[in-house]
Amino acid sequence: ALYESKKQEGSCHHMVFSDSLQARLQKETRVENGLQQALANDEFVLYYQPIVSLDTHRIKGVEALIRWRQPDGKLLLPGEFIEEVNRVGLIGALGEWVLEAACKQLRAWLDMRVELTMSINISPRHLRQTGFDELVINTVRRYQIPEGYLMLELTEEVFVDSGISSLYVLNEIRRVGVRIAIDDFGTGYSSMRYLKSLPIDRIKIDRCFVSGSGDEQLSDPMITQAIGFLAEGLGLDLVAEGIETAEQAAALSAQGCHNGQGFLFAKPQSSEHLLALVEQQQALSVSG
Ligand code: C2E
Ligand code: MG
Ligand code: MG
Ligand code: MG
């Protein structure tokens, strides 16, 4: 649209603008209908990425990551649709689906004596919706999720610009044993002052400080170390994201970071594959 209006600058600017606005509205309606249909048709699926102990490499929990399996079999990543979902106002509906699916899966694993923690990602906009705390509390009760097994991942922005009401909501949720993590830590508007008073349990070091520099080593060892000190001082649990090499895992472990996730250990995968991975590990530890 920007390109179009430049091309015709001076001539019929107004027309071009209203045309593109209409096109945009039509597109949004298409997207919204598509998403609503996808929810109704059960096209969303959760993949699970292990969160492991960096000392023993044992799987301690998983992070649920949403995928959209389209009718033609194509699997879309959240980066390809989450923003749209937010924009057309369906993030509450999708977030509710994720919470329900994750708790159902968690209950099934607990019933099989597979003891894993479950982390889910919450959009800031969903958190701010009225009744979010009741939704979480009711779901946790319905599936009888024991204390400490469900964790919500939120990005820093939640803590910066949503004020008292979000903090109240998080406190309510924590009262039933649900834990809170700050996701992508170090990339947002972190302020040391607010960190200290927040209702949080875990910090997740953003993967840009860990991998992606094209190097086998940590991309930013000073930052990971500093975040480690911070977490320790504040008594928070620490997880490093995006670990891709053994060197990175070893360096983090030497810095006192005891938990991590990344392609080195496992990619996000279906519940069946995840379960197979856990069972394989259990068999190994029994025989070894
Ligand atoms: P996130 O919560 O920070 O999730 C971690 C992302 O890093 C995932 O991407 C994961 O596949 C990727 N990742 C994990 N290990 C590695 C690694 O070693 N190297 C690299 N390069 N990447 C790694 P994914 O699944 O595409 O998700 C992207 C983002 O979408 C998530 O970032 C999260 O913010 C959002 N998201 C995912 N699922 C949900 C959901 O159910 N609800 C909401 N609201 N957002 C979600
Ligand atoms: Mg996350
Ligand atoms: Mg993250
Ligand atoms: Mg992220």
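Numerical summary
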{"quantity": "Mean ellipticity per residue at 222 nm, deg cm²/dmol - from DSSP H runs of n ≥ 4 across the chain, formula -39500 (n - 2.57)", "calculated": "-15000 deg cm²/dmol"}
{"quantity": "Potential lengthening between residue 263 and residue 83 on full extension [0.36 nm per residue; Cα-Cα distance subtracted]", "calculated": "62.4 nm"}
{"quantity": "Prolate/oblate/rounded call for the stretch 31-180, Cα gyration tensor, a/c under 1.5 rounded", "calculated": "oblate"}
{"quantity": "Antiparallel %, DSSP beta bridges [both residues in the chain], to 5", "calculated": "40 percent"}
{"quantity": "Long-range amide H partners of residue 153 with built H, under 5 Å", "calculated": "120, 121, 122, 181"}
{"quantity": "Cβ-Cβ FRET estimate between residue 279 and residue 165, R0 fixed at 45 Å, reported to 0.05", "calculated": "0.55"}
{"quantity": "For the stretch 36-148, with +1 on Lys and Arg beta carbons and -1 on Asp and Glu, the positive-most of 45, 61, 91 along the dipole", "calculated": "61"}
{"quantity": "Positive minus negative residues near residue 217 (Lys, Arg vs Asp, Glu; Cβ under 15 Å)", "calculated": "-4"}
{"quantity": "Folded to 0 to 90 degrees: helix 163-175 orientation relative to the chain principal axis, Cα", "calculated": "40 degrees"}
{"quantity": "Among 118, 222, 151: highest mean-square fluctuation, GNM of the chain, C-alpha pairs under 10 Å", "calculated": "222"}
{"quantity": "Gaussian network model of the chain, Cα within-10 Å springs - most flexible of 138, 121, 259", "calculated": "138"}
{"quantity": "Check: the chain dipole with +1 on Lys, Arg Cβ and -1 on Asp, Glu Cβ, in debye", "calculated": "500 debye"}
{"quantity": "Residue 42 versus residue 196: modelled label distance in nm, points set 7 Å from Cα along the beta carbon direction", "calculated": "5.1 nm"}
{"quantity": "GNM top mover of 141, 174, 24 - the chain, alpha-carbon springs below 10 Å", "calculated": "24"}
{"quantity": "Reduced Cα scattering model of the stretch 156-247, Debye log10 I(q)/I(0), q = 0.14, 0.15, 0.22, 0.23 Å⁻¹", "calculated": "-0.53, -0.60, -1.09, -1.16"}
{"quantity": "Within-9-Å neighbourhood charge of residue 121 [Cβ basis; K, R +1; D, E -1]", "calculated": "-3"}
{"quantity": "Charge sum, other residues only, whose C-beta stays under 13 Å from residue 206's C-beta, Lys/Arg counted +1 and Asp/Glu -1", "calculated": "-4"}
{"quantity": "The stretch 154-198 - Rg and Dmax from Cα coordinates, angstrom", "calculated": "10.5, 29"}
{"quantity": "Neighbour-count ranking [beta-carbon atoms within 10 angstrom, fewest first] of 111, 184", "calculated": "111, 184"}
{"quantity": "Within the stretch 77-129: Cβ-based charge dipole about Cα centre, in debye rounded to nearest 20 (Lys, Arg +1; Asp, Glu -1)", "calculated": "160 debye"}
{"quantity": "Area projected by the alpha carbon convex hull of the chain, averaged over all directions, nm²", "calculated": "18.8 nm²"}
{"quantity": "Amide hydrogen neighbours beyond the local backbone of residue 244, cut-off 5 Å, H modeled", "calculated": "264"}
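Readers should treat all values here as calculations from the given coordinates under stated rules, not as data from a laboratory. From a predicted model like this one, the values you see are computed outputs, not experimental measurements. Virtual Cβ from ideal backbone geometry, glycine too; neighbours counted across all protein chains shown.
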